[in-house]
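Single-structure report; data block below.
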Amino acid sequence: MAQSKSSTAAKHSGWDQIDSTRLLENIKILSSDQFEGRAPASKGEELTTTFIEGKFKDLGLKPGNPDGTYFQKVPMVGITADPSAQLVVTETVSGQALNLSYGDDFVAWTKREEPDVSIDAELIFVGYGVVAPEYQWDDFKGVDVKGKVLVVLINDPPVPDPNDPTKLDEKVFKGKAMTYYGRWTYKFETAAAKGAAGCLIIHQTEPAGYPWGVVKTSNTGEQFDLVRADKGMSRTAVEGWITYDKAKQLFAMTGKDLEALQKAAVDRNFRPFPLDARASLTLHNRLRTIDSHNVIGKVEGADPKLRDEYVIYTAHWDHLGIGPEVNGDKIYHGAVDNASGVAGLLELAGAFSKVPPPRRSILFLSVTAEEKGLLGSQYYAEHPLYPLSRTSAEINMDGLNVLGRTKDVEVIGLGMSTLDDDLKAMAAEQHRVVKPDAEPEKGFYYRSDHFNFAKVGVPALDMSPGVDFVGKPAGWGLEMRRKFTAEDYHKPSDQIRPYWDLRGAVEDLQLLHGVGSRVANAQASPTWSPNSEFKTKRDGQGKL
Ligand SMILES: [Zn+2]
């Protein structure tokens, strides 16, 4: 207990309940071999969700589901494509062909609930595939892409600043920051809306925010989606990625220069053009429907008038399960991602349950299938257990700081809501500062569970660890983050390390506890900033 106390530990009631030893213990259990990488609907799910439920019970939390349980069922469909699939691209005139092999050169899947899906269609390059009226940008220019396979670049168009071409124009696609137009989900949604037969994204490590290995491991094997009424038929038949090298070869085969075309695509006047090639691919799929589960516990608010309003803390419990072996290990332990967040959630649950409760109620929601495309949080947002209009705020944890104390914390999408003011006030008490995301180009705002809450109007806070470490030189934190992304992110090696130092995590949890307490005790609930893209949604829900 004593070792978790920092200089600020005693400031708020509940803060001394956050304990680094127990935090590490719980991360150890959740990331152990026994938990098999915590894949949804596996033995790992059973162990993980039972473990979380048990902790909630021990802490005296009430069942978070009004049906009297700690679980919310999340029905999903799992689709596994046969890895023998081959993507063949044939040049229309010469008949020259390029064979791409599944996993190494491309990955592809379908969101349609069908055992066999085939495409044999013309390829068309659509640049960044963006339609953004607010930036007067439309890559399609009315060109009919129905029935075609779109080849598209990842991220949003990197438009240079007219006054300083070494920088990106802040007025278009938020400069260096990734907007939703840059995300792969957007590309596939747009392709579907345009009636395309398929959509292949050209991978590039920097603009995507992660290397090919991440694309490969997260898109091969069983792919999940929420069970949908239309059985996924409104999606394109095939979605996928191809490596940059193969894309270059493909373009070269048809006499085109990918690099030159990439440059040409960074222009409002860009028009899609056919690649004079056809793509054919058949996916044989194994289908099954499964039920996974969100786990939810509640600390009831003290104020009879306000206890029907809620602050939600979330942390996804799932990780990648068992997968391809790397350095002799095939269990994807996910110690940082996100055993740490779940362990943090349990510390927060302890901190709220062991002291007199705040005025509003607090929900602790550990969601499933984040790694499958934020599905558990999407399911909750679409089937909320408590009215969203009475959900004051959502605070997400995905990957705690395991490297020691920091003088700062980061907020992805800083300035989006008044939650940032609460965070700044609490951080000031810890003599720490709140900074905007250091890597806005990676689009982290759209990459974790809080996004599904923001989408439905609930002010959502996505705080991430700081980079300015006490006792370390400038740049060390970012370097360590880069190293984690390159070496351990979504690999079996995301494990507890001897050099871990959880004192920073304890301070971050105290901070998040402070923010939640402030919100839960305040007269009024947080609001979106006037210029936030999520404000309209909230306004439609009526006053709290
Ligand atoms: Zn995660």
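Observations on the model:
- Two-site FRET efficiency, residue 472 against residue 13, from Cβ-Cβ distance with R₀ of 45 Å, rounded to 0.05: 0.90
- Per-residue 3J(HN,Hα) values for region 160-166, derived from phi via the Karplus relation 6.51 cos²θ - 1.76 cosθ + 1.60 with θ = phi - 60°, read x, 5, x, 8, 8, x, 6 Hz in sequence order (x marks Gly and Pro).
- About its Cα centre, the dipole of region 1-152 is roughly 900 debye, where the only charges are +1 on Lys and Arg Cβ and -1 on Asp and Glu Cβ.
- Once the chain from residue 300 to residue 390 is taken as fully extended at 0.36 nm per residue, the excess over their C-alpha distance is 31.0 nm.
- Candidates per GluC sites (Glu not before Pro) in region 455-544, loop by DSSP, up to 16 other Cβ within 10 Å: 533
- DSSP assigns beta bridges within the chain; of those with both partners inside it, close to 65 percent run antiparallel.
- Principal-axis analysis of the Cα atoms of the chain puts helix 419-429 at an angle of about 50° to the longest axis.
- Stretched out straight at 0.36 nm per residue, the stretch from residue 329 to residue 408 would grow longer than its current Cα-Cα span by 25.0 nm.
- Relative contact order, percent, region 307-411 [alpha-carbon distance under 8 Å, six or more residues apart]: 44
- Across region 391-492, the mean sequence separation of Cα contacts (distance under 8 Å, 6 or more residues apart), normalised by length, yields a relative contact order of 40 percent.
- Net charge of neighbours whose Cβ lies under 13 Å from the Cβ of residue 420, counting Lys and Arg as +1 and Asp and Glu as -1: -2
- Peptide packing: for 76-84, 416-424, 367-375, the average count of neighbouring Cβ atoms within 10 Å per residue gives the ranking 367-375, 416-424, 76-84, highest mean first.
- Within the chain: Cβ-based charge dipole about Cα centre, in debye rounded to nearest 20 (Lys, Arg +1; Asp, Glu -1): 960
- Computed in the context of the full set of protein chains, the accessible area of region 137-178 at 1.4 Å probe radius has 56% of its extent on carbon or sulfur.
- Tilt relative to the chain, helix 476-487 - C-alpha long axis, 0 to 90 degrees, to 10: 50
- Between helix 20-30 and the chain: long-axis angle, C-alpha atoms, 0 to 90°, nearest 10: 40
- Along each principal axis, Cα extent of region 267-403, largest first, Å: 68, 47, 36
- Check: region 371-449 dipole with +1 on Lys, Arg Cβ and -1 on Asp, Glu Cβ, in debye: 140
- Reported to the nearest whole Å, the Cα centre-to-centre distance from region 172-237 to region 248-263 is 22.
- Among 126, 392, 199 - extreme Cα towards positive end, dipole of the chain, charges at beta-carbon: 392
- The mean sequence separation of alpha-carbon pairs under 8 Å and at least six residues apart, normalised by the residue count of the chain, gives a relative contact order of 20 percent.
- q = 0.16, 0.22 Å⁻¹: log10 I(q)/I(0) that the Debye formula gives for region 419-544, counting C-alpha atoms only: -0.99, -1.48
- Computed from backbone phi, the HN-Hα couplings of region 173-187 come to 6, 6, x, 5, 5, 7, 9, 4, 5, x, 7, 4, 4, 4, 4 Hz, rounded to whole numbers (Karplus: 6.51 cos²θ - 1.76 cosθ + 1.60, θ = phi - 60°; Gly and Pro given as x).
- Long pairs among 194/248; 248/330; 354/472; 171/194, criterion Cα-Cα beyond 29 Å: 248/330; 354/472
- Extension gain, residue 256 to residue 230: 0.36 nm times the residue separation minus the Cα-Cα distance gives 5.5 nm.
- Computed from the C-beta positions of residue 73 and residue 118 and an R0 of 45 Å, the FRET efficiency is 0.85 to the nearest 0.05.
- Separation of region 340-371 and region 63-77, taken as the distance between their Cα centroids, equals 16 angstrom.
- Area projected by the alpha carbon convex hull of the chain, averaged over all directions, nm²: 24.7
- With each label modelled as a point 7 angstrom along the Cα→C-beta vector, the residue 286-residue 524 pair spans 5.6 nm.
- Modelled FRET efficiency - R0 60 Å, residue 263 with residue 354, Cβ distances, 0.05 increments: 0.55
The values are calculated or read from the model by the stated rules, or taken from the named source; none is laboratory data. Everything numeric in this text was worked out from a predicted model, so none of it was measured. Glycine also receives a Cβ, built like all others from the backbone with ideal geometry; neighbour counts cover every protein chain displayed. Just the protein is used for accessible areas: all its heavy atoms, side chains included, with ligands, DNA and RNA removed. Shrake-Rupley method; radii C 1.70, N 1.55, O 1.52, S 1.80 Å.
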